[in-house]
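The values are calculated or read from the model by the stated rules, or taken from the named source; none is laboratory data. Keep in mind it's a predicted model, so treat the numbers as computed, not measured. Neighbour counts are summed over all protein chains in view; Cβ atoms, including those assigned to glycine, are modelled from backbone coordinates with ideal geometry.
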Amino acid sequence: MTILEHHIYELKKGLRDIALCTLCKRDIADALERLSRSQMSYFVQNLGPRKANIYFGNPECLQILQGFQKSSPSHMSPEEDFMLGIMLGYSRDGQYKRYQSKKRHCVDSLTSSMAMERSSQGVMQ
């Protein structure tokens, strides 16, 4: 729980807008109790039978994240992933590069799947 305390400290000092902790389900209740005592807004995202993400901090940011309605960060679009990284306080330069890489990957995947679809339909380019 030391990392949780550190995130709470950073949020209270204004160093970041939100924080994310991935915890074993057995630790969730204690973490939520601590967040409630600190008057932190939060929401929990289940990741399966053993783990969950807890996002906490700025209520407006949390509302935006909840609007994404994804089962995990790995299912986010490049734009959603970019926004999450910025809100979490990650390096902006790193987020710019990550976004460009993810966007290129999406375009390459889409182009490849369209070519495969045309090929399966017997359409020539």
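Answer with yes or no whether K51 is surrounded by fewer than 16 Cβ atoms within 10 Å (Cβ to Cβ), in contact with a helix residue (DSSP H, G or I) (Cβ under 8 Å, 6 or more places away or on another chain) and under 27 Å from S91 (Cα atoms). For K51, the condition - surrounded by fewer than 16 Cβ atoms within 10 Å (Cβ to Cβ), in contact with a helix residue (DSSP H, G or I) (Cβ under 8 Å, 6 or more places away or on another chain) and under 27 Å from S91 (Cα atoms) - is met.
Is it fair to say L84 is assigned to a helix (DSSP H, G or I), modelled with pLDDT of 90 or more and under 27 Å from K12 (Cα atoms)? Yes.
Scanning the stretch 35-54 for residues that are closer than 14 Å to S72 by Cβ and charged (D, E, K, R) yields a total of 2. Scanning the stretch 1-39 for residues that are over 21 Å from G85 (Cβ atoms) and in a strand (DSSP E or B) yields a single hit, C24.
Could you grab the pairs with beta carbons closer than 6 Å, sequence gap of 6+ or different chains, first residue in the stretch 22-34 and closer than 23 Å to S74 by Cα, second one surrounded by 15 or more Cβ atoms within 10 Å (Cβ to Cβ) and polar (S, T, N, Q)? Short answer, once both residue conditions are applied: T22/N53. Applying a threshold of 7 Å to beta carbon distances and a minimum spacing of six or more residues, or different chains, the list of pairs starting in the stretch 89-101 at a residue that is under 16 Å from P73 (Cα atoms) and ending at one that is of a type in the set (A, V, I, L, M) reads G89/L15; Q95/I86. Among the residues of the stretch 54-63, the one identified as loosely packed, with under 15 Cβ neighbours inside 10 Å and either of a type in the set (A, V, I, L, M) or in contact (Cβ under 8 Å) with a residue 12 or more places away in the chain (or both) is P59.
Give P78, P73 a once-over and let me know the one that is closer than 24 Å to D30 by Cβ and at pLDDT below 95. So the residue among P78, P73 that is closer than 24 Å to D30 by Cβ and at pLDDT below 95 is P73. All of L35, L4 fail the test of being touching a strand residue (DSSP E or B) at 6+ places or on another chain (Cβ under 7 Å), surrounded by 18 or more Cβ atoms within 10 Å (Cβ to Cβ) and at pLDDT 95 or above, apart from L35.
Of everything in the stretch 44-65 that is more than 12 Å from the chain's Cα centre (by Cα) and assigned to a helix (DSSP H, G or I), the residue that is nearest to L11 (Cα to Cα) is P59.
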